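As structure tokens, the structure follows; a few thoughts come after it.
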Amino acid sequence: MPVSSYGAELFEVFKRGQLEETAIAFNEKDGYKKATALRHRLHKLRVEMRKENHPLTTIANGVSFSIRDLGEDGGVLIARPVDANYLDAIKAAGITIPDAPEMEEPLPDMPETAEEDRSQLGLDELFGSKKT
């Protein structure tokens with residue numbers, strides 16, 4: 001499924017998850033199942049981003065996901081920087097990052113919502129019939 005078939009909100013999960021731990025709670029009986037399905041969808045999106053050399057791929061690669069099972073109370077999908085387990089120790093060692101350099105090109109604007117999935121349409125439906 002092309003990257004354009006995914007909602008812009010999923011890209012935001014990657015953007016925020018790369019910067020800080022972000023919890024997405026599903027407070028319902030099948031919440032763990034829904035959290036697992038969302039994690040799977042985010043992984044599929046990341047794979048498609050790599051295939052298409054999407055400009056946000058490096059950000060998506062910097063996010064890891066885990067799921068907390070809350071039993072009858074649901075589940076929580078947690079997105080966080082891949083190196084989050086080590087950051088406190090690195091900071092304690094006095095290692096810091098200088099101010100981030102300015103980006104040469106701004107990130108592309110993401111669509112408000114996902115575009116219609118057109119992958120199953122025929123050529124005539126995609127390009128119109130050619131009358132000659």
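For region 77-97, filtered to residues that are in contact (Cβ under 8 Å) with a residue 12 or more places away in the chain and not in a loop (DSSP other than H, G, I, E, B), the residue that is farthest from the chain's Cα centre (by Cα) is ALA84.
Within region 37-52, can one find any residue that is aliphatic (A, V, I, L, M), surrounded by 13 or more Cβ atoms within 10 Å (Cβ to Cβ), under 22 Å from TYR86 (Cβ atoms) and within 12 Å of the chain's Cα centre (by Cα)? No, the conditions are met nowhere in region 37-52. The single condition from (1) in contact with a Ser or Thr (Cβ under 9 Å, 6 or more places away or on another chain); (2) charged (D, E, K, R); (3) modelled with pLDDT under 90; (4) under 21 Å from LEU19 (Cβ atoms) that LYS91 fails is (1).
Please enumerate the residues belonging to region 73-83 that are surrounded by fewer than 18 Cβ atoms within 10 Å (Cβ to Cβ) and more than 13 Å from ARG16 (Cβ to Cβ). Answer for region 73-83, where residues must be surrounded by fewer than 18 Cβ atoms within 10 Å (Cβ to Cβ) and more than 13 Å from ARG16 (Cβ to Cβ): ASP73, VAL82, ASP83. The requirement of being among the polar types (S, T, N, Q) and surrounded by 14 or more Cβ atoms within 10 Å (Cβ to Cβ) is not satisfied by THR96.
The values are calculated or read from the model by the stated rules, or taken from the named source; none is laboratory data. Worth saying up front: this structure is predicted, and the values here are computed from it rather than measured. Don't worry about glycine lacking a Cβ; one is built from the backbone with ideal geometry, like all the others, and counts go over all protein chains shown.
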